[in-house]
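These notes are about the structure you will find just below.
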Amino acid sequence: MSFKSEISQLVCRKIISATISGSLFAIILGLFVPHPFGEEISSVAEYLQAFVLAVPVYLIYSFPIILLYGTVTSIVSDYISNLISNYTSKNLNIFFTITLHILFGLVLLWYSLLSSILYFITDYILSKKDTYKWNNALKSLGTPIIVWIVFMSSVYITNIFG
């Protein structure tokens, strides 16, 4: 495999990892922090409404950052960990990679740390498959759009009937 196709597959895999982990991050954050400003929730219905409303907002603000910053730092993390593991042991490559993901993820403390760990897990799972193409990466960009549409439709429906 040529260097150009290897880089192309790496970037495609990282974009797919960003779309999956960005969508998961918004949903998980919405589950645990449905009211970002700390308002009190008094019922299950109010919790569900806050959750459904928070996910699209979290997705709009976090996904571009995860896509750009997460993809670049993940590529840098992989490159640095490969360099280090060439001089130490290949078995330590995953340790160096997760350590660098955590360090890059400490930018905004807990929020970005959760995002970087999700990104690492997603990328690690996807790295088991060998081939990724640009059409896969472009199709994966539909994932956050679909998540946003589903949650915004839910908000719209609850406002109509609620």
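Taking a point 7 Å out from the Cα of Ile80 in the direction of its Cβ, none of the residues of the stretch 3-26 has a backbone N less than 13 Å from it. What whole-number distance in Å separates the alpha-carbon centres of the stretch 9-88 and the stretch 125-162? The stretch 9-88 and the stretch 125-162 have Cα centres separated by 13 Å. Put one equal scatterer on each alpha carbon of the stretch 75-123, apply the Debye formula with no solvent term, and list log10 I(q)/I(0) at q = 0.16, 0.17, 0.23 1/Å to two decimals. Taken in order of the listed q values, log10 I(q)/I(0) reads -0.42, -0.46, -0.75. Of the accessible area of the stretch 1-48, with the probe set at 1.4 angstrom, what percent is carbon plus sulfur? On the stretch 1-48, the fraction of accessible area on carbon and sulfur atoms equals 70 percent. With every protein chain in place and a 1.4 angstrom probe, the accessible-area ranking of Lys133, Lys14, largest first, reads Lys133, Lys14. The helix-based estimate of mean residue ellipticity at 222 nm for the chain, built from -39,500 (n - 2.57) per DSSP H run of four or more residues and divided by its residue count, is -26500 deg cm²/dmol to the nearest 500.
Per residue, the convex hull spanned by the Cα atoms of the stretch 40-105 measures out at 108 cubic angstrom.
Could you tell me which of rounded, prolate or oblate describes the stretch 1-52, using a ≥ b ≥ c as the square roots of the eigenvalues of the alpha-carbon gyration tensor, with rounded for a/c under 1.5 and, failing that, prolate when a/b is larger than b/c and oblate otherwise? Here the stretch 1-52 falls in the prolate category.
Sorting Val44, Val57 by solvent-accessible area of protein heavy atoms yields Val44, Val57, largest first, with a 1.4 Å probe.
Taking 0.36 nm per residue of separation and subtracting the Cα-Cα distance, full extension of the segment from Ile94 to Ser5 would add 29.8 nm.
Shown for the stretch 77-126: the carbon plus sulfur share of the solvent-accessible area, taken with all protein chains present and a 1.4 angstrom probe, equals 77%.
The trypsin sites (Lys or Arg not before Pro) found in the stretch 61-131 that occupy coil by DSSP, while having at most 11 further C-beta atoms within 10 Å, are Lys128, Lys129. Gyration tensor analysis over the Cα atoms of the stretch 4-162 returns equivalent ellipsoid semi-axes of 34, 18, 10 Å (largest first, whole Å).
When the charge dipole of the chain is built from unit charges on Cβ atoms (+1 for Lys and Arg, -1 for Asp and Glu) and taken about the Cα centre, the candidate among Ser112, Val57, Leu29 whose Cα reaches farthest toward its positive end is Ser112. Solvent-accessible surface of the chain, taken per residue with a 1.4 Å probe and all protein chains present: 62 Å². Residues Val11, Val150, Val55 ordered from highest to lowest accessible area at a 1.4 Å probe: Val150, Val11, Val55.
The values are calculated or read from the model by the stated rules, or taken from the named source; none is laboratory data. Since we're looking at a predicted model, the values are computed, not measured. Cβ: placed from backbone, ideal geometry, glycine included. Neighbour counts: every protein chain shown. Only protein heavy atoms, including side chains, enter the accessible area calculation; ligands, DNA and RNA are left aside. Shrake-Rupley method; radii C 1.70, N 1.55, O 1.52, S 1.80 Å.
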